[in-house]
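First the structure, in the form of structure tokens, and then the observations on it.
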Amino acid sequence: MNLRKVLIFAIAALAAVLLAFALVKGVRLFTGTTSAPGGAVVATAGAAIGGPLTLTDSGGKRVTDADFRGRYVLIYFGYTFCPDVCPTELQAMGRALDLLGPAGEKIVPVFISVDPARDTPETLGKYVCAFHPRMIGLSGSDDDIARAAKAFRVYYRLGRPSAPGAKDYLVDHTSFIYLMGPDGKLAVLLRGGAGAEAIAQGIRSVLP
Ligand code: NI
């Protein structure tokens, strides 16, 4: 009897470890769960992505995930010095909201910096309004950003500057677009590079 209990426990523990590994390893496992164009949707509701956030907006006000409850929030993690990927994605997000028309007005676009040393709240505020008039830029302390990135399974790593102390480093980071539902949970996860049309269609597929 005891041995059986040990066995059951061992199997349950192994399953838990495998599941955790699969979630951490990436959302690629969920590829192809829907028929959105170009495989833009990589995960749908139910994936363990998202969680508590405490960050700082461009006015210097502390913002938590609870402040967005009841709204759809479209989130992208990146940094304002990003030479190409981030601006392309943010532009696609802004355009997707425009394509959605009145439905797009229900969605709050948010850009979260993974480079808080350079992306001050003020810098972010100026940067995001170029992509959508309602876009919110969020930054915070290194710990705030690390916690947010962990909750959203975002990988980021600061590169080497050209000289010690120089501020010209690149930041390697994952590129996904997260639509969080009014309950604060993931509604749909879209692949970076999907383009505005595919983002709009992915969003449309989960709006009521
Ligand atoms: Ni980038």
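Bear in mind these aren't lab numbers, they're just calculated from the coordinates by the rules spelled out. No experiment lies behind these values; they were computed from the predicted model shown. Please note: Cβ atoms are built from the backbone with ideal geometry, for glycine as well, and neighbour counts cover all protein chains shown.
Some values worked out for this structure:
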{"item": "Phi-based couplings in Hz for the range 132-140 (Karplus 6.51, -1.76, 1.60; Gly and Pro marked x)", "result": "6, x, 9, 5, 10, x, 10, 10, x"}
{"item": "FRET efficiency, 1/(1 + (r/R0)^6) with R0 25 Å, evaluated for Thr64 and Arg204 via beta carbons", "result": "0.35"}
{"item": "For the range 193-207, Karplus couplings with θ = phi - 60° (6.51, -1.76, 1.60), whole Hz, Gly/Pro x", "result": "x, 5, x, 4, 4, 5, 5, 4, 5, x, 5, 4, 5, 10, 5"}
{"item": "Placed amide H near Val63: partners under 5 Å, 5+ positions off or other chain", "result": "Leu55, Thr56, Asp57"}
{"item": "Long-range HN-HN contacts of Ala187 with modeled amide H, under 5 Å", "result": "Leu179, Met180, Gly181"}
{"item": "Cα convex hull volume per residue for the range 26-204 (Å³)", "result": "106 Å³"}
{"item": "Estimated dipole of the range 26-204 in Debye, rounded to 20 [Cβ of Lys and Arg +1, of Asp and Glu -1, Cα centre]", "result": "300 debye"}
{"item": "Amide H partners (placed H, <5 Å) of Val171, local residues excluded", "result": "Gly159"}
{"item": "Computed label-point distance, nm, for sites Gln91 and Glu197 using a 7 Å Cα→Cβ extension", "result": "1.7 nm"}
{"item": "Hull volume in cubic angstrom per residue (convex hull over the Cα atoms of the range 123-208)", "result": "137 Å³"}
{"item": "Extended-chain gain in nm, criterion 0.36 nm per residue less alpha-carbon gap, Ala117 and Leu99", "result": "3.1 nm"}
{"item": "Estimated distance in nm for a label pair at Lys126 and Arg4, the labels positioned 7 Å out from Cα along Cα-to-Cβ", "result": "7.0 nm"}
{"item": "Förster radius 30 Å - calculated FRET efficiency between Arg71 and Ala166 (Cβ-Cβ, nearest 0.05)", "result": "0.15"}
